[in-house]
Amino acid sequence: MYRLAHYLLPTTKEDPAGAEIPSHKLMLRAGMIRQLMAGVHSHLPLLWRAIRKAQEIVREEQERIGAQELLMAALSPADLWQESGRWATFGDDMFRLKDRKQSDAALAPTHEEIITEHARAFIHSYRQLPQMWFQIQGKFRDEPRPRSGVLRGRQFIMKDAYSLDVDTAGLDVSYANQREAYQRTFRRCGIEFVIVGASSGLMGGSGSEEFMVLTPSGEDTIAVCPNCGYAANVEVAAGHLPPTGQTPPSAGALPAMTPVETPGQKSIDDVAGFLKVSPSQTLKSMLYVTQEATPRAVMVVVRGDHEVNVDRLTKVLGGVGVRPAHDAEVQQATGSPAGFISPVGLATGVMILLDQDILPEGAYVAGANRAEHHCTGVVPARDFPAFTREHLRLVAEGDLCVTCGGSLTVSRAIELGHIFKLGLRYSTTMGAMFLDAEGKQQPIVMGSYGIGMERIVACAIEQHHDDKGICFPLPLAPFHVAILALDPGDEAVLEAATALGGSLEAAGWDVVLDDREERPGVKFADADLIGLPFQVIIGRKGLGAGTLEIKRRRDGERENVPVAEVSSRLQTLLQEEAARYALPS
Ligand code: ATP
Ligand code: MG
């Protein structure tokens, strides 16, 4: 049994500086993490124990569907990434290095390339398929904005699994098995989630879904239809503008386009306020540069109250990635600083894409391509050079569901897991082939399935905490029971505490003993902060009276139990608690 007097548990009373979201604050306060540099943390014993519990659940559920655990190296040679094309497309997110012979290598941000190398080395016949491989291992990504503690780290631990099948029907089965394993895994961890349709992003492939935890602290945004259950990441969500949401085109004669001075009015809200129109009557123009051998400039125009959907933009451009143009590029393409740009009078050479919710015959306020100036009465069909209309904006709260016409809600969420149908993306580019029953060479059909291990614990804390601290769901709790010895100097108290802990441990429960020379108030506060499911309070007074107090952290429920019955009563409570998360095997 661990004793807190000699345990690494650096708790703090005050809210730590620089932490904004509950799980980050609480992990710092409960002495679970120590930051070494931006996005890089040590996992102190309390967190590591919780992650180990999560790993065991993940492992059991992966093995339940027949996935085999292996461990690939984090260090990987550049040529594999060059073969797949991702040496280029991963860009600055990839940690790259050179070895002593000046060969390029990478710290793997994910492992599709390495899996594909193994598949082409070892899988040769349809008789060997299907197979599913997984690992629980460190990943490295030089995230542009590491934050929220271990929720977005630059080094983190991922469970990543990969399926190999002979055809898409096989992939569908592997995918469904992983989907089910994910649902069981998160339920067993006590985490509520929603499954949403998602973008395949840099992974490539045909279909993907994300497992999302709804919380205002999330960095993702998802659209949900409460009416029919449709749910999707806004990157891919579809929605119709409600009829009341459209700016009516000006009736009769269209207004003349008129330049107006708008000194210092750069943002949509500034301009709309200054010219006394609603943001929906303005146009937001954004310049992007394509990431190709010969980069192109693309101007995307959405209504002022809408946001550009970069994922859609990439699709419209046939899969070509984009980045926002730098200030100098904006100046060069439009002759104006950002904040005052639009397609009005724009030189050829810049591709113009208009969101389809902009009315070509409507009159809007738009940039004048001249510093400190906008134009009123801009009519796209009349005043813009040639443009293409596409669906290019993010879905917004109140849009109509494309499936049932219901009103969509938009909420923040944390992505906990992501499952992809990769299809032939890696097997064809890297040559992972097998011989089918007719003796013909075929590419292996692949899937890829990830879960962030730190995110499991962080999401559990986001969902299970109160103003006193964490309330760990039992399956993830670093220990199940905290025994608080209020008078640790008293031999009888220490003896009773040790005996109780011993009998609980013998029954398979994890126990920690707070034997620190601290005031009772400090022990109570720390026990609530670290959030173990049960506390037993042992003091001289209680022992003298023959009863001890048991407290359930989750709801603060307390009971006094005769000393001789504490161990058996606790075991009953622990089993009841465990049953809340159990699933039939
Ligand atoms: P995000 O959109 O949050 O960056 P992603 O789409 O890049 O996630 P995947 O590549 O699908 O994530 O990785 C699989 C899982 O790994 C994610 O669902 C998430 O739980 C976890 N994960 C991804 N990036 C990080 C990170 N920087 N820190 C911690 N966990 C991460
Ligand atoms: Mg990412």
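The values are calculated or read from the model by the stated rules, or taken from the named source; none is laboratory data. Since we're looking at a predicted model, the values are computed, not measured. Because the Cβ atoms are built from the backbone with ideal geometry, glycine has one as well, and the counts that use them run over all protein chains shown. Each accessible area value is taken on the protein alone, full model and side chains, heavy atoms only, with ligands, DNA and RNA left out. Shrake-Rupley method; radii C 1.70, N 1.55, O 1.52, S 1.80 Å.
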(request) Taking a cut-off of 27 Å between Cα atoms, list the lysines near Lys284, but don't count ones fewer than 8 places away on the same chain. (result) Lys266, Lys276, Lys315
(request) Would you kindly derive the ³J(HN,Hα) couplings of region 372-383 from the backbone phi angles with the Karplus curve 6.51 cos²θ - 1.76 cosθ + 1.60 (θ = phi - 60°), listing them in order in whole Hz, with x for Gly and Pro? (result) 6, 9, 10, 10, 9, x, 7, 10, x, 4, 9, 9
(request) Amide H neighbours of His373 under 5 Å, at least 5 residues apart or on other chains, H built in the peptide plane: list them. (result) Thr262, Ala368
(request) Can you tell me which of 386-392, 218-224 comes out highest on packing, and rank the rest after it, using the mean Cβ neighbours within 10 Å? (result) 218-224, 386-392
(request) Over 19 Å between C-alpha atoms is what I'm after, so list which of Lys468/Lys523; Lys101/Lys139; Lys25/Lys159; Lys523/Lys551 land there. (result) Lys101/Lys139; Lys25/Lys159
(request) Rank these by accessible area, largest first, 1.4 Å probe: Ser336, Ser42. (result) Ser42, Ser336
(request) Please work out how much length the chain gains when fully extended from Asp555 to Val402, using 0.36 nm per residue of separation minus the C-alpha to C-alpha distance, in nm with one decimal. (result) 50.9 nm
(message) Can you sort Asp167, Asp487 by solvent-accessible area, 1.4 Å probe, largest first?
(response) Asp167, Asp487
(message) In whole Hz and in residue order, list the ³J(HN,Hα) couplings for region 306-322 that follow from phi through the Karplus curve 6.51 cos²θ - 1.76 cosθ + 1.60, θ = phi - 60°; x for Gly and Pro.
(response) 10, 10, 6, 9, 5, 4, 5, 4, 4, 4, 4, 7, x, x, 7, x, 9
(request) Please give, to one decimal in nm, the separation of the simple spin-label points placed at Glu361 and Arg540, each 7 Å out from Cα toward the Cβ. (result) 9.1 nm
(request) Would you please give the FRET efficiency between His326 and Glu56, computed as 1/(1 + (r/R0)^6) with r the Cβ-Cβ distance and R0 = 51 Å, to the nearest 0.05? (result) 0.60
(request) Count charges around Gly264 for me, please; just the other residues with Cβ under 15 Å from its Cβ, Lys/Arg as +1, Asp/Glu as -1. (result) -2
(request) Work out how much length Glu372 to Ala578 would gain on full extension: take 0.36 nm times their residue separation and subtract the Cα-Cα distance, in nm to one decimal. (result) 67.7 nm
(request) Report the net charge of residues surrounding Glu549, where surrounding means a beta-carbon distance below 10 angstrom and charges are Lys +1, Arg +1, Asp -1, Glu -1. (result) +1
(request) Give me the number: length gained by fully extending Glu180 to Ser568, i.e. 0.36 nm times residue separation minus the C-alpha to C-alpha distance, one decimal in nm. (result) 136.1 nm
(message) When a/c reaches 1.5 or more, the comparison of a/b and b/c decides; with that in mind, is region 1-100 rounded, prolate or oblate per its Cα gyration tensor?
(response) oblate
(request) Taking the chain as the reference, fit the longest principal axis to its C-alpha atoms, fit the long axis of helix 566-579 to the helix C-alpha atoms, and give the angle between the two in degrees, 0 to 90, nearest 10. (result) 30 degrees
(request) Using the 4.7 Å Cβ rule, please list in number order the cysteines from the chain without any candidate partner. (result) Cys189, Cys375, Cys459, Cys471
(message) I need the phi-derived Karplus couplings for region 450-456: 6.51 cos²θ - 1.76 cosθ + 1.60, θ = phi - 60°, integer Hz, Gly and Pro marked x.
(response) x, 9, x, 5, 5, 5, 4
(request) Pop the C-beta distance of Glu517 and Glu192 into the FRET formula with R0 = 51 Å and round what comes out to the nearest 0.05. (result) 0.80
(request) For Val402, list long-range residues whose amide hydrogen, built 1.01 Å from N in the peptide plane, is under 5 Å from its own amide hydrogen. (result) His240
(request) Round to a whole angstrom and tell me the spacing of the C-alpha centers of region 530-549 and region 558-577. (result) 11 Å
(request) Heavy atoms only, probe 1.4 angstrom, no DNA, RNA or ligands counted: give me Trp81, Trp48, Trp87 ranked by accessible area, highest first. (result) Trp48, Trp87, Trp81
(message) Using a Förster radius of 51 Å, what is the FRET efficiency between Leu75 and Gln246 based on their Cβ-Cβ separation? Nearest 0.05, please.
(response) 0.40
(request) Send over a whole-number figure in Å² for the accessible area per residue of the chain, probe 1.4 Å. (result) 44 Å²
(request) Place the peptides 412-420, 320-328, 114-122, 92-100 in order of packing, highest mean first, counting for every residue the other Cβ atoms within 10 Å and averaging per peptide. (result) 412-420, 114-122, 320-328, 92-100
(request) For a quick protection proxy, order the peptides 24-30, 63-69, 456-462, 169-175 by their average other-Cβ count within 10 Å, most packed first. (result) 456-462, 24-30, 169-175, 63-69
